[in-house]
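The values are calculated or read from the model by the stated rules, or taken from the named source; none is laboratory data. It should be emphasised that the depicted structure is a prediction, and the values quoted were computed from it without experimental measurement. Virtual Cβ from ideal backbone geometry, glycine too; neighbours counted across all protein chains shown.
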Amino acid sequence: MNVLFMCTANSCRSVLSEALFNHLAPAGMTGLSSGSFPSGRLNGRALSTLRAMGVATDGLYSKGSETFSASPPDIVITVCDKAAGEPCPVYFGPAIKSHWGLSDPSEVTGSDADVQAAFEATIEHIKKRFAAFFALDLASLAPTELKAALDRIGEQ
């Protein structure tokens, strides 16, 4: 099962999600990421935070969804922040789609400690959602049931 995490720039939240998913996921599941307007660069704080946690960052890069046109994902999860009025990307494929909004830690201002705390809080939020996702009995869920379960997780 391939799970695509999307945001606008594919430089921070979607990349955090991709790397953490691949670090935590059981065999047979792969996390991917893309952006509707990829920035072409990754957020340095996102990478350093992942590395400090022992999460591999090799192979991560900012990319658009066209990268997956030959092998579309099974699930697409947008991680943009609708509450902040940020536009979410749209994926026009057959995948099950859900929204798991996250505030962008790269937009936090303040001391270095404040910014780092925002990244760590975002990672903890992602990890909680992944724990709920990995607890699902995916083999027994119909697509509409899976979508409903994913939507519930996104509301956490």
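Does region 25-40 include one or more residues that are under 14 Å from the mean Cα position of the chain (by Cα) and over 25 Å from residue 94 (Cβ atoms)? Within region 25-40 (the criterion being under 14 Å from the mean Cα position of the chain (by Cα) and over 25 Å from residue 94 (Cβ atoms)), the answer is no, since none of the residues qualifies. Name every residue in region 108-122 that is assigned to a helix (DSSP H, G or I) and either touching a Cys at 6+ places or on another chain (Cβ under 7 Å) or over 11 Å from residue 45 (Cβ atoms) (or both), in order of residue number. 113, 114, 117, 121 - these are the residues of region 108-122 that are assigned to a helix (DSSP H, G or I) and either touching a Cys at 6+ places or on another chain (Cβ under 7 Å) or over 11 Å from residue 45 (Cβ atoms) (or both). Within region 1-20, the residues that satisfy the criterion of being within 20 Å of residue 141 (Cβ to Cβ) and over 8 Å from the mean Cα position of the chain (by Cα) are 1, 2, 3. Scanning region 1-41 for residues that are outside any strand (DSSP E or B), among the polar types (S, T, N, Q), without any contact (Cβ under 8 Å) to a residue 60 or more places away in the chain and crowded, with 22+ Cβ neighbours inside 10 Å gives a single hit, 10.
Suppose the filter is touching a strand residue (DSSP E or B) at 6+ places or on another chain (Cβ under 8 Å) and either closer than 19 Å to residue 4 by Cβ or free of Cβ contacts under 8 Å to residues at least 60 places away in the same chain (or both); does residue 126 pass it? Full working, then the answer.
On the way: touching a strand residue (DSSP E or B) at 6+ places or on another chain (Cβ under 8 Å): no; either closer than 19 Å to residue 4 by Cβ or free of Cβ contacts under 8 Å to residues at least 60 places away in the same chain (or both): yes.
No.
State whether the residues of region 83-100 include one that is part of a helix (DSSP H, G or I), more than 14 Å from residue 150 (Cβ to Cβ) and either touching a Pro at 6+ places or on another chain (Cβ under 9 Å) or at pLDDT below 95 (or both). Yes; the residues of region 83-100 include at least one that is part of a helix (DSSP H, G or I), more than 14 Å from residue 150 (Cβ to Cβ) and either touching a Pro at 6+ places or on another chain (Cβ under 9 Å) or at pLDDT below 95 (or both). Considering region 51-68, the residues that are touching a residue at least 40 places away in the same chain (Cβ under 8 Å) and over 22 Å from residue 97 (Cβ atoms) include one that is surrounded by the most Cβ atoms within 10 Å (Cβ to Cβ), namely 60.
Listed here are the residues, each with its yes/no results for (1) of a type outside the set (Ser, Thr, Tyr); (2) modelled with pLDDT under 90.
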{"site": "30", "(1), (2)": "no, no"}
{"site": "36", "(1), (2)": "no, yes"}
{"site": "45", "(1), (2)": "yes, no"}
{"site": "49", "(1), (2)": "no, no"}
{"site": "52", "(1), (2)": "yes, no"}
{"site": "68", "(1), (2)": "yes, yes"}
{"site": "77", "(1), (2)": "yes, no"}
{"site": "107", "(1), (2)": "yes, no"}
{"site": "111", "(1), (2)": "no, no"}
